[in-house]
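Colleague: Quick one: this structure, given as structure tokens, is what I'll be asking you about.
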Ligand code: GLY
């Protein structure tokens, strides 16, 4: 197995402004074409044989679809997309009001790209109310003793006193709620969680733990473990990508200087474990020559993280990360993006949700398929490259 070297990576072509425009236009057309099926209902988290089924507003992933609708609306101004976004925000309000499938930290993934975005773009009162209710719900998952937001399951579950790296993307919802209401508690909880997470999930070599357990009695850090990665000591590709974007978000909101080297280290580890075509295998342990599936969503997430962090870095460094993001997005647009709706009703092929290995506890689904967050972050990366984007996060 082998990975691309940094020199070879830098020799890869960057996506041009024209190619960004073309890829984003194509994505927006595909999203618009899917509105008849996915306005009152939502695409499932992952496709099967390339096609998403329609589901109710359940699971942690439906916000990404509404996020795609908003990104397509921003790009085209098409009123059909605006109307669909409004209908979907009503669904998110109904979901939080009825407490349906909200016992999770993923309220940020659900409500930032759907309702915060809709509020920012249209001033929607429905979006604002739904997102504020979701933020309030999320604060209820904060453990004072351990200083973190519990990821999964009931708060008293004996085997789930842990955070996961993905949660860093849930925290902008709390910062937004704090700004919107003037209540400091949201921001304080977000900041405490960021600090606990970043102090524990990043290993010495800048690879990352997917999940990290704490001692329920004392709140002290206990041990890291994987759930969706290949094995405990490996770096799950999407977890590492959440780390790239998560450290950028940590810096964006706290401006703590010590998060800059964390971002650099976590990103460098990710880049050093890319295969020749720049789209990672599902776990960074694997490289060219391994017969393992890819996780294209990781490339999009990491590209968004680099584009976010580039905003706070100076000249050469900003150019470096923007340049790498452009290379990753070109690889996706040229070789992974859906061009023909007869092939798939998603946007990006070859992603992996949950792959079983001999060492993890995962189910096996959404392997080598489209994943709805992969589609969303691909569009977000293109949008970031296309204009000075007002972030949803
Ligand atoms: N946040 C769950 C995942 O990335 O699969």
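Colleague: At a 10 Å Cβ-Cβ cut-off, how would you order 192, 326, 387, 7, fewest neighbours first?
Modeller: 7, 387, 192, 326
Colleague: Using a 10 angstrom cutoff on alpha carbons, build the Gaussian network for the chain and name the most mobile of 141, 128, 29.
Modeller: Highest fluctuation of the listed residues: 29.
Colleague: Let a ≥ b ≥ c be the square roots of the eigenvalues of the Cα gyration tensor of the chain; is it rounded (a/c under 1.5), or, if not, prolate (a/b larger than b/c) or oblate?
Modeller: In terms of gyration-tensor shape, rounded.
Colleague: Counting only C-alpha contacts under 8 Å and six or more residues apart, can you give the relative contact order of the chain as a whole percent?
Modeller: Normalised by residue count, the contact order of the chain is 20 percent.
Colleague: Under a GNM of the chain (C-alpha, springs under 10 Å), which listed residue has the highest mean-square fluctuation: 273, 223, 210?
Modeller: Maximum fluctuation in the GNM of the chain, among the listed residues, is at 223.
Colleague: Once every DSSP H run of n ≥ 4 in the chain is given -39500 (n - 2.57) and the sum is divided by its residues, what mean residue ellipticity at 222 nm do you get, rounded to the nearest 500 deg cm²/dmol? Could you put the intermediate results ahead of the total?
Modeller: Values: 14 runs with 193 residues, N = 393.
So the calculated ellipticity at 222 nm is -16000 deg cm²/dmol.
Colleague: Right, another one. For the chain, set up a GNM with springs between Cα atoms under 10 Å and report which of 258, 185, 103 has the largest fluctuation.
Modeller: Judging by the Gaussian network model, the answer is 258.
Colleague: Quick one: order 338, 116, 58 by neighbouring beta-carbon count within 10 Å, fewest to most. Walk me through the numbers before you get to the answer.
Modeller: Numbers: 338 20, 116 29, 58 13.
Ordered by Cβ neighbours within 10 Å, fewest first: 58, 338, 116.
Colleague: Which whole-angstrom value gives the distance between the alpha carbon centres of region 368-393 and region 207-259?
Modeller: Their Cα centres are 22 Å away from one another.
Colleague: Quick check: the distance between the Cα centres of region 271-324 and region 58-110, to the nearest angstrom?
Modeller: Rounded to whole Å, the Cα centres lie 27 Å apart.
Colleague: Order these by the 10 Å Cβ neighbour count, fewest first: 145, 12.
Modeller: The fewest-first ordering by Cβ neighbours comes to 145, 12.
Colleague: Hey, what did region 186-328 get for relative contact order, percent, Cα under 8 Å, at least 6 apart?
Modeller: Computed over region 186-328, the figure is 20 percent.
Colleague: For region 96-173, what class follows from the C-alpha gyration tensor (a ≥ b ≥ c being the square roots of its eigenvalues): rounded when a/c is under 1.5, otherwise prolate if a/b is larger than b/c, else oblate?
Modeller: Here region 96-173 falls in the prolate category.
Colleague: Can you classify region 199-344 as rounded, prolate or oblate using the Cα gyration tensor, where a ≥ b ≥ c are the square roots of its eigenvalues, rounded means a/c under 1.5, and otherwise it's prolate if a/b beats b/c and oblate if not?
Modeller: oblate
Laboratory data are not the source of any read-out in this text; all were calculated from the coordinates shown. Since the structure is predicted, the reported quantities are computational estimates derived from the model, not experimental observations. Note that we place each Cβ from the backbone using ideal geometry, even for glycine, and neighbour counts take in every protein chain shown.
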